[in-house]
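Written out below as structure tokens is the structure these notes cover.
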Amino acid sequence: MKKVLFATTALIALGSMAAADVRLSGYGRFGLDFNQANDSDYNNGNNPNYNGVSETNITSRLRLQVDMSTETDGGVGFNARFRAQAESRDGSAGGAVFNGARFGVTYGGLIVNVGNIIGAVENAPGLYTTGTRSAGTGIDGMDFMSLPIKGINVDPTSSNFLTPGTTFGWDAYSSTSAGANGVEALYTVGGFTGHVSFSQDNDYGPGVTGEDRLAIMLTYSFGDYYVTGAYQSVDNNPLVYTDVNGRAYDQEDGMYFLAAGADWGQFGAKLAYGSNDVADSWTLEGNMDIGAASNLLAWVNSTDVDGALLDANNESIVGFANAVGQVDGTAFGINYQYDLGGGSTFVAGYAQSAADSNNSQFQAGVYFSF
Amino acid sequence: MKKVLFATTALIALGSMAAADVRLSGYGRFGLDFNQANDSDYNNGNNPNYNGVSETNITSRLRLQVDMSTETDGGVGFNARFRAQAESRDGSAGGAVFNGARFGVTYGGLIVNVGNIIGAVENAPGLYTTGTRSAGTGIDGMDFMSLPIKGINVDPTSSNFLTPGTTFGWDAYSSTSAGANGVEALYTVGGFTGHVSFSQDNDYGPGVTGEDRLAIMLTYSFGDYYVTGAYQSVDNNPLVYTDVNGRAYDQEDGMYFLAAGADWGQFGAKLAYGSNDVADSWTLEGNMDIGAASNLLAWVNSTDVDGALLDANNESIVGFANAVGQVDGTAFGINYQYDLGGGSTFVAGYAQSAADSNNSQFQAGVYFSF
Amino acid sequence: MKKVLFATTALIALGSMAAADVRLSGYGRFGLDFNQANDSDYNNGNNPNYNGVSETNITSRLRLQVDMSTETDGGVGFNARFRAQAESRDGSAGGAVFNGARFGVTYGGLIVNVGNIIGAVENAPGLYTTGTRSAGTGIDGMDFMSLPIKGINVDPTSSNFLTPGTTFGWDAYSSTSAGANGVEALYTVGGFTGHVSFSQDNDYGPGVTGEDRLAIMLTYSFGDYYVTGAYQSVDNNPLVYTDVNGRAYDQEDGMYFLAAGADWGQFGAKLAYGSNDVADSWTLEGNMDIGAASNLLAWVNSTDVDGALLDANNESIVGFANAVGQVDGTAFGINYQYDLGGGSTFVAGYAQSAADSNNSQFQAGVYFSF
């Protein structure tokens, strides 16, 4: 079969240089995931942890990203992006689907994006794990347990107000859906980057809990160091809930995130703090290069969940799924990467959540970009 | 991350020229849409226009088109096309999805297409707005209010026969679904183009209202001028309905479209007429270049809807949604474009429908092709 | 509109040769399908064969395949693949959708795949029709009637145990869904190829009939000849069913396939045998080149279905749809291809199933690769 071979490091420009481009890129990753939280042993109904999923599964993702861009005669750039992505998690695989589009305007140090925006909080340096292929631990990030902030979904039609429907409570680029459909502006000058994002929810009416989100992020980099701060304000309807214990609960309070980090070449470190209405959380992270091709990273997270919203065991937030919610206590993780060359990397990771039981997860596999 | 950069104006042909090709192209467009017909102010249930959608929203589309083609040793061309397209309208965004495929055979001036066909009526010059990036007014076409024909969907299981399920009542290439799944032939010789299209509906049975559609379009271009005529005949089951006023209603009558236009360089004009079972409609359109990069276009449409099918206010067709149906009265629109270079264009548009209230729409934004 | 033209036979490699690639390829095919099993003539309810589908329909497919690959410094290759495919069958067309991803590791003669795997039985030479563009008869394969094995779907919650939900009962690369989400290894040395595949079903619990499938395929090629054998073992839950006649039915028995074939240049032939729990089946196939560009292929299949599982007419397997099930008796088919050049082929095919009535199908059309 005849095929096109696109050399992805070569700039193809014959004759008159093109003003408008289409770029294809992406990555594949696949490996094995051992997750103690899964259990496929039905045992005639005597296994309370039975969820029909084996403890060991394939975890994989294939992402094809399409970037379009052009530039006006006046030097203003226009660009757009979407992705098609296929995933397998917990033994459940699906066909690839496209996400929603992000459109961008660039001029000098200024970027304005529309649609499936990055989000100001999401873009804060130090929020995700530094330099790991998954932006978390292992092959697929392991639910990003290292993050010191997590999403909270308030649903007044539910008996417990807090539901696991939304993993991340801030505007963030979505690889699987339309995303925030918002607007954002980024400006970079010298070591300074500022980022403001806004999304409007149209479902503002009776019995609907749409959020309007306004977020800001500021970062300053100097030498080997950076400091960053981000804040998101949320405008809900209604503005105040009363929880099951009769406590007033004001979702307007929003969330904030602070981090400072350094990269001294062979060594790197980061300290990050996040706070929202139900939890305060610290993450300490360090990594070091081993030889020419290896890197070892470790993180520890300590989260203090507000007791009034805990479950009967005083451990988890009421209504959160264990995997995505914030759990009171200490979690940690280790990530090892070995550069195989040609854009491919061997990755192994281990993480332990703050939950009392079924809290271990291990992954090993390969990541390659194209 | 390594990326492919495809220069889209460059013909890449190294060594032996390829017989089979894949082409990527498309466009992005995004801007703000103010639409008086929307209203997100719930006002404790006292707002009759409340539909949960803000008056001002992002409107956007990202289209990636894939064209495949080859040529036999005998000079017969084969081609195929599909698109992946992501859209946001009225504040509701979605991930991109592919449409159905169109397959083509070309030989000299003859084209035969199969599948997601263009459609003979759809292909008539002068049907859509001339030269605007949206083929209508503004960023997203504003429901193509300038068209002198609109679709009618007859549903005998509904109490009012006419429902808004189908916007356009003729076979047309669909960017979001499988389309007509029909067959068509186009022949061009000199200034003459003829086009015949046919689609068969398989759901022919009890309680089903599938249509078999046969359409023809003829166009003649001479100098700066063109004239065109198109007709679609529809074979329904059953063939005759009785409306709420006891009038027999024969969907066999089909629809026709006539237009004449001219392009004198700096100025252009068009007069178009359309007629179907429930309405007669005229559209007059003119446009002029302003300076080197700008174009201003204006249109006015006058529609005379058959009174027996009007609602209690004698204004709208019974059962049509306001946005897509034909409304008795006069509508007009203005479109302004400024060429920014690099395939990008600034677009602004204003249109006013024939409805008595909530009839204004304004859009401004950017379109760029790649 | 500016467009990218990718010359698909040219290797584009400027400057530093790229380590990571994205390749686009695929094919389009379209034509007419006459199928006696369809009948759209409602006849006021007096037609027992009425299924709302015309006897003659468009059959078409447009496939765009995306292949990504890279190579490590140590010479290990990594690759991934998915496809977007749009189809029309029996007059019903749909937009293109992506399937699930397959990831591969290659080193010397060894291949390890993960995800949407090929499958060891599926990969057996001689299973599908040799050298036809559809891998079966005609444009779309005509349900691959020539295969001596077919899938059986056992559903204990159904009254008849056997349902047509799964066409093929072995792990196979899926163009329309996520596929087996399994693991496989292939090793080739000299004329010998070995292939082992495994897939695990997580839905192992009460009232669920998930299968774990383990399959092996061995092939040896020597001169103009090959011999092959494949076996799949299935581990079901529960392991034994009792059919409507009280017979114990052990789904563990699996299925096997044997074939021997030859290609003497102008002539080719194949004899294949398949057996599963409900049927034994033989297929004999021969083909010959006619002139420089034509090939004519014919096959005959004889299937002996276990009587205890037949319907009241002693003809079809209980619970199988006629189109996909195995029918007791003799079927045959003829396929004609003419190479038009440029990767395009004219294809015509006729097949007759073993069913007593409505058993003829004819297709003619065009296939072109890119």
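Let me confirm one metric for peptide C:360-370, namely the mean number of other chain beta-carbon atoms within 10 Å of its residues' beta-carbons.
Mean number of neighbouring Cβ atoms from other chains: 4.
Around A:Gly265, under 14 Å between beta carbons, what's the net of Lys plus Arg minus Asp minus Glu among the other residues?
-3
What is the Cα radius of gyration of segment B:49-89 over 2.2 N^0.38 Å, N being its residue count?
2.18
Please compute the net charge surrounding B:Thr59, taking Lys and Arg as +1 and Asp and Glu as -1 over other residues with Cβ under 11 Å from its Cβ.
-1
Taking each residue in C:344-356, count the Cβ atoms of any other chain within 10 Å of its Cβ, then average. What number comes out?
1
What is the spin-label model distance, in nm, from B:Asp339 to C:Ser360 if the labels are put 7 Å beyond Cα along the C-beta direction?
Roughly 6.0 nm, to one decimal.
Put the label 7 Å from Cα along Cα→Cβ for A:Ser357; what are its distances to the other copies, in nanometres, shortest first?
Copy-to-copy label distances for A:Ser357: 6.3, 6.3 nm.
Shortest first, in nm, what separates the label point of C:Leu284 from those of the same position in the other copies (7 Å along Cα→Cβ)?
Result for C:Leu284, in nm, nearest copy first: 8.0, 8.0.
Could you compute the net charge surrounding C:Arg89? Neighbours are other residues with a C-beta less than 13 Å from the C-beta of C:Arg89; K and R count +1, D and E count -1.
Charge balance in the 13 Å sphere: -3.
Report, as an integer, the average count of C-beta atoms from other chains found within 10 Å of each Cβ along C:106-115.
2
Bin width 5 Å, alpha-carbon pairs only: give the P(r) of segment C:48-140 as whole percents, running from 0 to the bin holding the largest distance.
3, 10, 13, 15, 19, 15, 10, 6, 4, 2, 1, 1, 0, 0
Bear in mind these aren't lab numbers, they're just calculated from the coordinates by the rules spelled out. Computed from a predicted model, the values in this text were never measured in an experiment. Cβ atoms come from the backbone with ideal geometry, glycine included; neighbour counts cover every protein chain shown.
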